[in-house]
Amino acid sequence: MANYFDGLLNKVFGNASKLGVSHKENFALTSERIQEVNEWLDESEGEDLLNRLYNNYYFKKNQINERPQVHLFSTKYANGFAITFEDPLTPESFNNVFHAFSARILDMGYKQVSLDRKIEEKVGKVLEVEKFYFKPPLQMPEEGQLISQLFGNVALEKVITDNQPSYLKLLATVYSDRLYQDAWPFDDFMDRLFKK
């Protein structure tokens, strides 16, 4: 009789042993964490690491790979990059870079729409993704003017696999709506993201 019910449950819900765990939650940064990141950015370690990542971005544009590796994404409607977790990044600096990027994006005039964490099991691995999502500020344009989209919408992710840092990813997606001005150049975004 148990096999009958197990078979029925598997038909309705799938094989429970094959289903992975999935959890998503919103959260917020504490003022202490924000202060820690600001202090780290003011130290030579933070500044040196951001300069290195910035240089590696431009090296990659010229097909030169440096550590940590930067991977580029460029299309008509979206631009971005990913940074592989590798030397000289540490788990602490990896986390600091993620939060420093979020602070710099806010400094550009963006509004944070969300910050969430998703944890899920996939093919025997546990994947944790923290994601910021930013939008340009809402504004009413003057008569006959188009709305500024700045650099478009920005998604920033930190990916951890089996409790080990994996990569950071940033993607700026532009609006193609005729109500908006053209997005500003992505290289300008990169300059603002990495420089004070």
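Considering only the stretch 133-160, how many residues are under 30 Å from SER93 (Cβ atoms), in a strand (DSSP E or B) and among the hydrophobic types (A, V, I, L, M, F, W, C)?
Counting residues in the stretch 133-160 that are under 30 Å from SER93 (Cβ atoms), in a strand (DSSP E or B) and among the hydrophobic types (A, V, I, L, M, F, W, C) gives 6.
Test of understanding: among ASN26, ASN56, which residue is over 26 Å from PHE186 (Cα atoms) and either modelled with pLDDT under 90 or in contact with a Pro (Cβ under 8 Å, 6 or more places away or on another chain) (or both)?
Answer to the check: ASN26.
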Selection within the stretch 123-132 - among the β-branched types (Val, Ile, Thr) and either buried (at least 17 other Cβ atoms within 10 Å of the Cβ) or assigned to a strand (DSSP E or B) (or both): VAL126, VAL129
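Of all residues in the stretch 104-118, which are loosely packed, with under 14 Cβ neighbours inside 10 Å and within 16 Å of GLY46 (Cβ to Cβ)?
Taking the stretch 104-118 and keeping what is loosely packed, with under 14 Cβ neighbours inside 10 Å, we get 106-107, 109, 111, 113-114, 116.
Passing the criteria: only ASP107.
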Criterion violated by GLU86 - all others in (1) within 22 Å of ASP187 (Cα to Cα); (2) of a type outside the set (Ser, Thr, Tyr); (3) modelled with pLDDT of 95 or more satisfied: (1)
Identity of the residue in the stretch 147-196, in contact (Cβ under 8 Å) with a residue 60 or more places away in the chain and among the β-branched types (Val, Ile, Thr), that ends up nearest to ASN38 (Cα to Cα): THR173
Subset of the stretch 31-53 that is at pLDDT 90 or above and of a type in the set (D, E, K, R) - its residue that is nearest to LEU171 (Cα to Cα): ARG52
Breaking point among (1) closer than 19 Å to THR30 by Cα; (2) without any contact (Cβ under 8 Å) to a residue 60 or more places away in the chain; (3) of a type in the set (Lys, Arg), for LYS135: (1)
Pick from the stretch 73-101, criterion charged (D, E, K, R) and in a loop (DSSP other than H, G, I, E, B), ranking: surrounded by the most Cβ atoms within 10 Å (Cβ to Cβ): GLU86
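Within the stretch 174-196, work out how many residues are within 14 Å of PHE132 (Cβ to Cβ) and part of a strand (DSSP E or B). Walk me through it before giving the result.
Quick first cut of the stretch 174-196, residues within 14 Å of PHE132 (Cβ to Cβ) only: 193.
Narrowing the set further to residues that are part of a strand (DSSP E or B) leaves none.
Within the stretch 174-196, residues that are within 14 Å of PHE132 (Cβ to Cβ) and part of a strand (DSSP E or B) number 0.
The values are calculated or read from the model by the stated rules, or taken from the named source; none is laboratory data. Since the model is a prediction, treat every value here as computed from it, not as a measurement. A quick note on method: Cβ atoms are made from the backbone with ideal geometry, for glycine too, and the neighbour counts reach across all protein chains shown.
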